[in-house]
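The values are calculated or read from the model by the stated rules, or taken from the named source; none is laboratory data. Note that the coordinates shown come from a computational prediction; the quantities given were computed from them, not determined experimentally. Please note: Cβ atoms are built from the backbone with ideal geometry, for glycine as well, and neighbour counts cover all protein chains shown.
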Amino acid sequence: MKKITSACLAVFVAGLTAGLNAEMNAVETLALSQVPDQKIIVFKNDNLRWEQKEQIILDSGGRPGRRIPLINAVVGYFPEGASPELDYDPNIMLVADDDYALMVGNFPAERDGLGPAPMFNPPVTPSEQEVPWGIERVGAPLAWEQAQGRGIKVCIIDSGVDVSHPDLAGNVMGGVSLVESTTTPTADIEDGLGHGTHVNGIIAAMNNATGVVGAAPNASLYQSKVFGSSGYTSISIVIAGVDYCASIGAQVINMSLGSSRKNDALELAIKKAHAAGIVIVAAAGNDYGRPVSYPAAYPEVIAVSASNINNALADFSSKGPEVDVIAPGDDILSTFKGGVYRELSGTSMASPHVAGVAALILSRNSALSNVQVKSIIEETATNLELPADSQGRGLVNALKAVEKAGDSALGQPRYLLAAQQNSAVYIKTKVIPDNAFKLPVKIIRGVPSENQVRTLQNIFGN
């Protein structure tokens, strides 16, 4: 019997508290009202047309909605409940509940006896360009002589962006909104909450002598807007956000959001994006003392906890064995909606520091795989002498990471596939110069695809 998962999601976006009450538009209100009766139906049969998949949903008493090509899924609305026949349909891989995803605050009730933390610190107007302490702490400015993120697509799954912000406009290249329609993405990526704009700035605020500067100031920013005006969304919209990032060829995804429990459909989307070669970075969570959230807890993702200015674990940060690295996340100054700047706190702020460093690494050496990028980030991190479940391998170190990425041997394994009279040679690990062989050969740079490996394994075994 196929597994039907129920994940009660509590998606956090750090820096915002539970006071969000912006008005929702009619489409957003309708979409959110339908979430309890929705299922994410993942099909195993790739040969079925979308119309055939949707007919299966109709025949089961549902109404088909959003298509999600990345995981071969359709979201179905079942106001009277889903038919048990879905569980036995040979065309279906799994059926997952589409629960609410909540944008909730996770500040402690009091800080140092000073009373409740405010929703936001007041806007800040730097008199001249300021390098935020977090960008300085991870060593990004020291790496800029070698790499600044140029040519790297970073896709931010969040609340959109202030497209006209003077520190971001030159780097914002496009995106879609997945919250204004239950089926078709729209072009309205304007940020109604400010959180996405803040995350964008940490990654790639421009080095333009005003405001602030991000970790990778020349990276290209793409928006996958999954939070609208209310602070609520659904897991299917988050998955659609991952789908968009993969569809544009993003090299890095930042997910400053998370859920308290696993969801099979979300996990499949993460695996698909990772298989496509994307570096996926996510916030560990803002529930101090509680486990790392998903998707950060998935092994394919770089899970980031938050440090404060004293290099200690921030007093809101989740921790656990899934944490890969730690990055600044407390009182982080960055861009905000309305063309202003604010300080926010959360692992939501820590994650984009690492996403920015990933962009630096790839701009230094575009031949690196996502697995290699993750390894470089971990191996070059600075040990803060914190417990492993708090810091992972340590504080992300942009300079050391970029220097390691520049190693001529990294990202350059040459896999030789030589075809001659129905035979082949597969050299698995050695670096092979292009002129080393005179036989007709095909040089594969980087890690072979799964299909290439499978073909060779069929010939030679493992």
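Criterion first (touching a helix residue (DSSP H, G or I) at 6+ places or on another chain (Cβ under 6 Å) and modelled with pLDDT under 95) does N263 satisfy it? If you could, list the steps in order and put the result at the bottom.
Numbers: touching a helix residue (DSSP H, G or I) at 6+ places or on another chain (Cβ under 6 Å): yes; modelled with pLDDT under 95: yes.
Here the answer is yes, as N263 does meet what is asked.
Quick grid of which residues meet (1) within 28 Å of S366 (Cβ to Cβ); (2) buried (at least 23 other Cβ atoms within 10 Å of the Cβ); (3) in contact (Cβ under 8 Å) with a residue 40 or more places away in the chain:
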position: G211; (1), (2), (3): no, yes, yes
position: P217; (1), (2), (3): yes, yes, yes
position: I235; (1), (2), (3): no, yes, yes
position: Q251; (1), (2), (3): yes, yes, yes
position: S260; (1), (2), (3): no, no, yes
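Assuming R63 fulfils every condition listed in (1) basic (K, R); (2) under 21 Å from N263 (Cβ atoms); (3) in contact with a Phe, Trp or Tyr (Cβ under 7 Å, 6 or more places away or on another chain) apart from one, which condition is it?
(2)
Count, please, the residues in region 324-381 that happen to be hydroxyl-bearing (S, T, Y) and over 15 Å from S307 (Cβ atoms).
Of the residues in region 324-381, the ones hydroxyl-bearing (S, T, Y) are 334-335, 341, 345, 347-348, 351, 363, 366, 369, 375, 380.
With the extra rule that they be over 15 Å from S307 (Cβ atoms), the set shrinks to 334-335, 341, 363, 366, 369, 375, 380.
Residues flagged as hydroxyl-bearing (S, T, Y) and over 15 Å from S307 (Cβ atoms) within region 324-381 amount to 8.
Kindly list the number of the only condition in (1) among the hydrophobic types (A, V, I, L, M, F, W, C); (2) in a loop (DSSP other than H, G, I, E, B); (3) under 30 Å from G406 (Cα atoms); (4) within 20 Å of the chain's Cα centre (by Cα) that fails for F227.
With (1) among the hydrophobic types (A, V, I, L, M, F, W, C); (2) in a loop (DSSP other than H, G, I, E, B); (3) under 30 Å from G406 (Cα atoms); (4) within 20 Å of the chain's Cα centre (by Cα) applied to F227, the lone miss is (3).
Residues being out of contact with any strand residue (DSSP E or B) (no Cβ under 6 Å at 6 or more places or on another chain) and at pLDDT below 60: count how many of those fall in region 396-415.
Filtering region 396-415 down to residues out of contact with any strand residue (DSSP E or B) (no Cβ under 6 Å at 6 or more places or on another chain) leaves 398-413.
After this cut, where a residue has to be at pLDDT below 60 as well, the list is 408, 412-413.
Number of matching residues: 3.
Just checking, how many residues over region 120-132 are at pLDDT 90 or above and touching a strand residue (DSSP E or B) at 6+ places or on another chain (Cβ under 6 Å)? Before you say what the answer is, go through the steps one by one.
Our first condition is that a residue be at pLDDT 90 or above; within region 120-132, this holds for 129-132.
Filter again for touching a strand residue (DSSP E or B) at 6+ places or on another chain (Cβ under 6 Å), leaving 130, 132.
Counting residues in region 120-132 that are at pLDDT 90 or above and touching a strand residue (DSSP E or B) at 6+ places or on another chain (Cβ under 6 Å) gives 2.
Pick out the one residue from D167, D243 that is acidic (D, E) and not in a loop (DSSP other than H, G, I, E, B).
Values: D167 fails: not in a loop (DSSP other than H, G, I, E, B).
That would be D243, the only listed residue that is acidic (D, E) and not in a loop (DSSP other than H, G, I, E, B).
State the number of residues belonging to region 263-288 that are under 15 Å from G392 (Cα atoms) and more than 14 Å from the chain's Cα centre (by Cα). Before you say what the answer is, go through the steps one by one.
Taking region 263-288 and keeping what is under 15 Å from G392 (Cα atoms), we get 281-285.
From the residues that got through so far, the ones that are more than 14 Å from the chain's Cα centre (by Cα) too are none.
Residues flagged as under 15 Å from G392 (Cα atoms) and more than 14 Å from the chain's Cα centre (by Cα) within region 263-288 amount to 0.
In region 281-299, which residues are hydroxyl-bearing (S, T, Y) and surrounded by fewer than 24 Cβ atoms within 10 Å (Cβ to Cβ)?
Quick first cut of region 281-299, residues hydroxyl-bearing (S, T, Y) only: 288, 293-294, 298.
Within region 281-299, Y288, Y298 qualify.
Name every residue in region 133-186 that is surrounded by fewer than 16 Cβ atoms within 10 Å (Cβ to Cβ), modelled with pLDDT under 95 and either within 21 Å of the chain's Cα centre (by Cα) or aromatic (F, W, Y) (or both), in order of residue number.
Passing the criteria: only T186.
Read through the list (1) surrounded by 24 or more Cβ atoms within 10 Å (Cβ to Cβ); (2) more than 19 Å from A250 (Cβ to Cβ), then give the number of the only condition that D331 fails.
Answer for D331: the failing condition is (1).
Report those strands (runs of 3 or more DSSP E) wholly inside region 270-367 carrying at least 2 residues which are among the basic types (K, R) and over 23 Å from N218 (Cβ atoms). Write out each step before concluding.
Numbers: elements: 279-283, 301-307, 325-328, 332-336, 340-344.
Because the criterion is at least 2 residues that are among the basic types (K, R) and over 23 Å from N218 (Cβ atoms), no strands (runs of 3 or more DSSP E) in region 270-367 meet it.
If a residue must be part of a strand (DSSP E or B) and among the hydroxyl-bearing types (S, T, Y), how many such residues does region 43-84 contain? Write out each step before concluding.
Taking region 43-84 and keeping what is part of a strand (DSSP E or B), we get 43, 63-68, 73-77.
From what is left, the residues that are among the hydroxyl-bearing types (S, T, Y) are 77.
Selection size over region 43-84: 1.
Looking at region 342-364, is at least one residue in the same structural domain as K400 (by TED's automatic domain parsing), among the basic types (K, R) and surrounded by fewer than 20 Cβ atoms within 10 Å (Cβ to Cβ)? So that I can check it myself, show each step before the final result.
In the first step, residues of region 342-364 are kept if they are in the same structural domain as K400 (by TED's automatic domain parsing); the result is 342-364.
Retained after the next criterion (residues that are among the basic types (K, R)): 342, 364.
Checking the rest, the ones that are also surrounded by fewer than 20 Cβ atoms within 10 Å (Cβ to Cβ) come to none.
No, every residue in region 342-364 fails to be in the same structural domain as K400 (by TED's automatic domain parsing), among the basic types (K, R) and surrounded by fewer than 20 Cβ atoms within 10 Å (Cβ to Cβ).
If I filter region 303-320 for residues that are buried (at least 24 other Cβ atoms within 10 Å of the Cβ), within 13 Å of the chain's Cα centre (by Cα) and either under 30 Å from G249 (Cα atoms) or not assigned by TED's automatic domain parsing to the domain that holds V242 (or both), do I get at least one hit?
yes
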